[in-house]
Amino acid sequence: MKQISETFISQPEISVCIACRNEEANAPAIAAAVIAEMERVDAVFDIIFIDNDSSDRTVATIKDMCSRDPRIKLIVNTRNFGQMRSPTHAIYEAGGSAVISMCADFQDSPALLPEFVRRWRSGVPLVLGVRKNEKNGPILRFFRNLSYSLHRRFGEYPVIPNATGFGIYDRKVVEALRRLNEPEPFVRGMLVETGYKLETIPFDRPVRKKGKSNNNFFTLLDFALNGLAGSSKGLLRAPLYVAFFLGLLTFFSLIGAALSPLWDGSWQFWLFAAVLEGQFTLMFLFFGLLGVQVALVSERTRNQPLVIERERVNFPKDYRSHLAQQ
């Protein structure tokens with residue numbers, strides 16, 4: 001390994017933040033891939049892994065990498081703080097003049113990093129990767145499109161479809177995000193809210209390289225609803241979950257009303273059920289929109305940190321001190 005100066009460690013040009021949970025199979029490979037791409041662009045960089053309460057050997061694996069390369073840093077959370085708060089905390093703690101945010105599972109392609117850096121150096125403060133396609137089933141694709149439609153209809157600001165937050169953010173963008181002081185930061189929406197010039201790069205998102213995804217239908221639903229809350233100030237989880245499932249019942253009742261003449265002709269019963277279910281759907285949705293106002297006021301009043309750290313590895317005492325002079 002070539003000699004790395006203390007400046008490389010405490011004053012990086014670019015910080016690459018990698019969120020992980022149970023990624024012992026992917027962590028060494030993603031670190032090696034990021035290092036290779038960043039050295040191609042002759043960048044002074046560091047890599048910050050933030051571990052969200054892994055139950056496998058992810059922390060031990062990253063600590064071993066830290067012992068061999070001072071450019072690799074680690075933040076270990078005391079518990080699982082969720083897939084919105086943990087990555088955002090890493091972004092805020094990064095010391096680079098620009099910050100790249102990505103996941104550890106190779107679905108955020110390291111091959112895009114040189115182009116991110118090139119565009120940032122040319123003066124673009126915010127560059128995001130956007131999925132061109134992804135191998136998903138029709139159900140997941142339907143609900144993802146529904147989520148984007150709800151954002152467009154009810155959101156305070158637009159979100160970019162198929163952008164996950166994978167990209168490069170200039171320091172002024174990071175500081176703008178921090179000042180928004182969101183307790184449940186929906187970063188992909190907050191980036192648009194900052195108003196900075198934004199460019200996108202389409203890419204084919206591959207399947208996970210190794211390991212098992214930490215997401216299932218309900219975690220993805222929770223993420224989408226949290227995002228709706230962050231951009232529309234209109235979510236309280238419990239009532240909206242109920243509204244979601246009642247909405248499905250309403251839909252199926254309407255289908256039953258349309259098809260009932262084919263077997264018994266009792267369309268009135270199905271239509272009555274659809275109207276009744278639709279009323280309850282609207283009621284719970286309304287309660288959710290009211291309740292989130294109370295929830296957000298409570299969160300901001302508490303002013304709680306995004307995460308609580310158990311430990312840090314390879315962070316020098318003067319890390320980020322140069323940022324105060326910018």
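Values quoted throughout were computed directly from the atomic coordinates according to the rules given, and no laboratory measurement underlies them. For clarity, every value in this text was computed on a predicted model and none was experimentally measured. As a convention, Cβ positions derive from the backbone with ideal geometry for all residues, glycine included, and neighbour counts pool all protein chains shown.
Taking a Cβ cut-off of under 10 Å around E93, the surrounding Lys, Arg, Asp and Glu residues balance to a net charge of +2, with basic ones at +1 and acidic ones at -1. With R₀ fixed at 51 Å, the C-beta to C-beta distance from R68 to L248 puts the FRET efficiency at about 0.50.
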